[in-house]
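**Student:** The structure under discussion is supplied below as structure tokens; questions concerning it will follow.
A short reminder: the numbers here are calculations on the coordinates, not readings from a lab. Computed from a prediction, not measured in an experiment: that's the story for all the values here. Note that each Cβ is placed from the backbone with ideal geometry, even for glycine, and that neighbours are counted across all protein chains shown.
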Amino acid sequence: MQKLNKKTVEGYKNYPEKVLQFGEGNFLRAFVDWQIDILNKTTDFNGSVVVVQPRGSAGVEKLNEQDGLYTLYLQGFKDGKPVKEHTLIDAISRGIDLFTQYEQFVELAKNPDLRFIFSNTTEAGIAYDEKDGLEDQPQKSYPGKLTAFLYRRFQAFNGDINKGFIVIPCELIECNGEKLKKIVLQYAIQWNLGDEFIQWLNEANTFCNSLVDRIVPGFPRDTIDEMTEELGYKDDLVVVGEQFYLWVIEGPQWIKEEFPTHLAGLNTLFVDDLTPYRTRKVRILNGAHTAMTPVSYLYGLDTVAEAVGHPVVGSYIKELIFDEIIPTLDLPVEELNHFADAILERFMNPFIKHFLMSISLNSMSKYKTRNLPSLLEFIDRKRELPAKLVFSLAALISFYKGKRGTEDIQLSDDQDILDLFHQQWGTFDGTVESLRAIVKSVLGYEKNWELDLNAVPGLTDMVTNYLYEIETKGMISAVAAVLNVKVEQ
């Protein structure tokens, strides 16, 4: 079977190179490059992506072997129905290996069409390395590589204010654009690149914070043979993603004139402040994940889809989101409800098997960042405790006992957390008093919570009561009680 390349594609088109992209991984190809492909086909964007692989060269080699072409499969719910569809993406012009083609990288700075820089170098990628130098080929850190490239650009166009970049990092860290710019400026000072360059950095370039959201499982190892048969060509870069996606970019509205996602009907938003969108995602999507995991797993379920689709546990999850999390957020309720409906649909994706145990990693710190803010905000606004959020905290304490019936749970957390629960559950003697002592110790573990949760009025009692229900009657009865429904065991 013939391998995918431009010779096998009818109507292959070359576009001017407008985008420099650090990273060639599955996410960027299923998210950013896919959107650029749509822009090329539906608007006058007319631009391609030059990919730089910051670590190693295998990905770049594969890209160049296929002339930047690859197939994207999108699987999930679309208009309420499960849909599996694929498209050929031709937004990438070429890849550059920084370790063997550094001069090509430098030469790219002279391209007057180049306007955008995107990246996804993992959460650890936006970091400062004091050993990086301008003369390195390449620098170790992504910000170091970027600073060197920007300086070459500054030199190539003699500081022309119109030749700067729109820089949009996609790394999953808060204020990613701000942090990236801060490190770039740090290198500019360390490398003595001059006040004029620093002024050009500030005035000619726009660094945007961004929030990305799409589940991208990646290369379909289990089904690639079936897909190859369907496609009729061999593609070593097939990538699979879910249908849902969202890109929130914190930056000036004029960017839309150059990156017209709105004209293509894409779910990419340009906003003045992405904080409420980040909060929405963390509280609803991530918060629901963390809250449902101990409840659902101890109920006897194993995957997110099973949990959301369950008649009882599914009701618990929905009430948790709509009755307790959404009322703590400040975006319009209609918008929040629409987002939550989309999240629940994503959770039910029949093409993705998302195991609850894979979500359970570091659940204590996750509860602190994802659920505790909702719990405390609910109390502040409603002057009462949110029953489902409190119940999930009780379930979490039970989960950390490390048992689901007779089955051992493979707990995964920091050692001090594991030691805390091992010690506390070792004192349990079946009485409500011993459970209260466990709850007080856990809620008072300020190293995790950064406050003593026993000080929250009524919380210790409510968690204790729920934990007693779970331990004496089992999770099935306990969930029924908190929902005020009857279930047959």
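**Student:** Which values of log₁₀ I(q)/I(0), to two decimal places, follow from the Debye formula for the range 276-483 at q = 0.11, 0.15, 0.16, 0.17 Å⁻¹ with a uniform point scatterer at every Cα?
**Tutor:** For the range 276-483 at q = 0.11, 0.15, 0.16, 0.17 Å⁻¹, log10 I(q)/I(0) is -0.47, -0.91, -1.05, -1.20.
**Student:** Could you give the alpha-carbon Rg of the range 271-380 over 2.2 N^0.38 Å, rounded to two decimals? Could you put the intermediate results ahead of the total?
**Tutor:** Values: Rg = 13.5 Å, N = 110, 2.2 N^0.38 = 13.1 Å.
Relative to the 2.2 N^0.38 Å estimate, the range 271-380 comes out at 1.03.
**Student:** When Lys and Arg each count +1 and Asp and Glu each count -1, what net charge do the other residues less than 13 Å away from Tyr297, Cβ to Cβ, add up to? The partial results should precede the final answer.
**Tutor:** On the way: positive: Lys401, Lys403, Arg404; negative: Asp302, Glu306, Glu407, Asp408.
Taking every Cβ under 13 Å from that of Tyr297, the sum is -1.
**Student:** At q = 0.14, 0.15, 0.19 Å⁻¹, what log₁₀ I(q)/I(0) does the range 112-226 have when each alpha carbon counts as one equal point scatterer in the Debye sum?
**Tutor:** -0.60, -0.67, -0.98
**Student:** Give the long-range amide H neighbours of Leu269: residues separated by 5 or more places, or on another chain, with amide H under 5 Å away, using H modelled in the peptide plane at 1.01 Å from N.
**Tutor:** Distant-sequence amide H within range of Leu269: Trp247, Val248, Ile249.
**Student:** Starting from the Cα coordinates of the range 350-400, work out the convex hull volume and express it per residue in Å³. It would help to have the intermediate numbers written out before the result.
**Tutor:** Working: hull volume 5.2 nm³, N = 51.
Expressed per residue, the convex hull around the Cα atoms of the range 350-400 is 102 Å³.
**Student:** Could you let me know the centre-to-centre spacing of the range 151-207 and the range 340-373, using Cα atoms, in angstrom?
**Tutor:** Centre-to-centre distance over Cα atoms comes out at 36 Å.
**Student:** Kindly rank 204-211, 4-11, 26-33 from highest to lowest mean number of other beta carbons found within 10 Å of each residue. Please report the intermediate quantities before stating the final value.
**Tutor:** On the way: 204-211: 20.5, 4-11: 12.6, 26-33: 23.9.
Packing proxy ranking, top to bottom: 26-33, 204-211, 4-11.
**Student:** Separate question: Using only Cα atoms, figure out Rg for the chain and give it as a multiple of 2.2 N^0.38 Å.
**Tutor:** On the way: Rg = 25.4 Å, N = 489, 2.2 N^0.38 = 23.1 Å.
Dividing the Cα Rg of the chain by 2.2 N^0.38 Å gives 1.10.
**Student:** Further question on the same structure: If you wrap the range 6-272's Cα atoms in a convex hull and average its projection over all directions, what's the area in nm²?
**Tutor:** Details: hull surface 56.9 nm².
Dividing the Cα hull surface by four gives the mean projection, 14.2 nm².
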